[in-house]
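Down below is the structure, laid out as structure tokens.
The values are calculated or read from the model by the stated rules, or taken from the named source; none is laboratory data. Bear in mind the structure is a predicted one, so any value in this text is a computation, not a measurement. Positions of Cβ are generated from backbone atoms using ideal geometry, with glycine treated the same way; all protein chains shown enter the neighbour counts. Areas reflect the complete protein model, heavy atoms only, side chains present, ligands, DNA and RNA absent. Shrake-Rupley method; radii C 1.70, N 1.55, O 1.52, S 1.80 Å.
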Amino acid sequence: MPSSRIPALCLGAWLLLLPRLARAEGAVPIPVTCFTRGLDIRKEKADVLCPGGCSLEEFSVFGNIVYASVSSICGAAVHRGVIGTSGGPVRVYSLPGRENYSSVDANGIQSQMLSRWSASFAVTKGKSSTQEATGRAVSTAHPPSGKRLKKTPEKKTGNKDCKADIAFLIDGSFNIGQRRFNLQKNFVGKVALMLGIGTEGPHVGLVQASEHPKIEFYLKNFTSAKDVLFAIKEVGFRGGNSNTGKALKHTAQKFFTADTGVRKGIPKVVVVFIDGWPSDDIEEAGIVAREFGVNVFIVSVAKPIPEELGMVQDVAFVDKAVCRNNGFFSYHMPNWFGTTKYVKPLVQKLCTHEQMMCSKTCYNSVNIAFLIDGSSSVGDSNFRLMLEFVSNIAKTFEISDIGAKIAAVQFTYDQRTEFSFTDYNTKENVLAVLANIRYMSGGTATGDAIAFTVRNVFGPIRDSPNKNFLVIVTDGQSYDDVRGPAAAAHDAGITIFSVGVAWAPLDDLKDMASKPKESHAFFTREFTGLEPIVSDVIRGICRDFLESQQ
């Protein structure tokens, strides 16, 4: 029976014997660091000494009871309850590789799932020792021989000039076959190595397209090229149809999330490898990916020959699936042999951030200022409904120091900047400040307020790459001219949405709104009617943003 198929009952019984075996054999523990992994220990049994003070958040642990060998030994020991955060002796037992390492939250550590790994280990409490945990690293389980132990190098930061979150979507169908599948993995490995993977550089994950898509590993699983190469090597061939469209849609919707390691402000990229042609619709999947802000690259290999074109659903599938049909997002290789020369040009494309247009969405690339009527006719309770309307729009956007920006101005005859675009860069702070704005009360001078906002709120960020929007919320007639200031705002590249309530004249709303007026001016008789307008304004902002990117 292969070692990877050891029955669960036998493995469970063997694990029960581990504490007894640990007591039966004594050894001087070898000091390790917080980051020493199971694969760094090359003995069937080894005693190690974990240091104290390791940060639980930094531990990388895969599995429960039985851990993938890429896991931190000390992290697994804390997770298992063998030691606490103060460190201590641990006995490590090497085990065969297995499938489906589970994710369990235990002792302050959330372990991660892993579909498959080539080796495993288990831990028990080690023999006590007077030796202190020095935190020195070892690369093997051999005891010290008088030579100074080498320190484990710090985690490499990677290529800081190539920040990208990349999913490689490989073809695992019967169409490619086992041999070419392995050549494909070799090529992906070379690309991953040249990218310069690291904590502050590119992060990569892998998805296999076949009958049903399978995410092999996520962005957060590995931050070194060595681990990524090993993980790619371990991926098994699945077979089935090459449902690339289905896999691309799954990747766009499930792969790029905060829980799986996606980083704010970093371009999201999926590199799709297609051997021949897809067996399903890839155009719709490309549309979904763009909606999620994902840059789709197509690497096509062995294009269909004229006799095969009749079997291709859509001959122009590459142009319809890529982020932009401008030649940048498509790449062709004649076959899987001699691909080394194609690695560097592809890497250069993946590291060209300014070309990653699909990462810019209406949710992360806009500046929105709210001009809020605080006149006496509004009243305090209705003013709260206005603030709720503003908050419901603001919370939809990805507010950060490199993402969407929000500002707010309250006006009567006078104007008060409640906060500017540079004051708060988290959604939580913006929403908290909005909720605590104090009602001013007074007259209504909307024209002066527009001019004030253009000058004092938009002026300081005139060089921002984000698209500028102004949302005006008012309940009555302005005592001054609104046409001139609104026209000046339009000329400055600011798109205006006007939202009127109660006695706000429709002519004023249209005079302030950007063109086409009917899709930028809104009116409701009651303040409670503001809620349904929230989605209209958000859709309008996204529509205008997309049109500006064409």
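Going by the structure shown, is residue 232 β-branched (Val, Ile, Thr) and part of a helix (DSSP H, G or I)?
So residue 232 fits the description; yes.
What number of residues in region 58-83 are closer than 15 Å to residue 110 by Cα and over 31 Å from the mean Cα position of the chain (by Cα)?
1
Give the residue that is most open to solvent (accessible area, probe 1.4 Å), with candidates limited to residues of region 239-265 that are among the charged types (D, E, K, R) and at pLDDT 90 or above.
This residue is 254.
With the structure loaded, tell me whether residue 102 is of a type in the set (Gly, Ala, Ser) and more than 26 Å from the chain's Cα centre (by Cα) or whether it fails that test.
No.
Starting from residues that are open to solvent by 60 Å² or more (accessible area, probe 1.4 Å) and not in a loop (DSSP other than H, G, I, E, B), keep the ones in region 500-516 and report whichever is nearest to residue 541 (Cα to Cα).
Within region 500-516, the match that is nearest to residue 541 (Cα to Cα) is 510.
Among the residues of region 388-421 satisfying the criterion of being touching a Phe, Trp or Tyr at 6+ places or on another chain (Cβ under 6 Å) and outside any helix (DSSP H, G or I), which is nearest to residue 435 (Cα to Cα)?
408
Which of (1) within 18 Å of residue 394 (Cβ to Cβ); (2) not in a helix (DSSP H, G or I) does residue 540 not meet, given it meets every other one?
(2)
Taking residue 185, is it assigned to a helix (DSSP H, G or I) and within 25 Å of residue 337 (Cα to Cα)?
Judged against the criteria, residue 185 is a match.
List every residue pair whose Cβ atoms lie under 6 Å apart, where the two residues are 6 or more positions apart in sequence or sit on different chains, the first residue falls within region 372-386 and is touching a residue at least 12 places away in the same chain (Cβ under 8 Å), and the second residue, located anywhere, is part of a helix (DSSP H, G or I) and not aliphatic (A, V, I, L, M).
382/527; 385/527
Could you list, in sequence order, all residues of region 379-402 that are hydrophobic (A, V, I, L, M, F, W, C) and open to solvent by 80 Å² or more (accessible area, probe 1.4 Å)?
Let us first name the residues in region 379-402 that are hydrophobic (A, V, I, L, M, F, W, C), namely 383, 385-387, 389-390, 393-394, 397, 399, 402.
The answer is 402, and nothing else.
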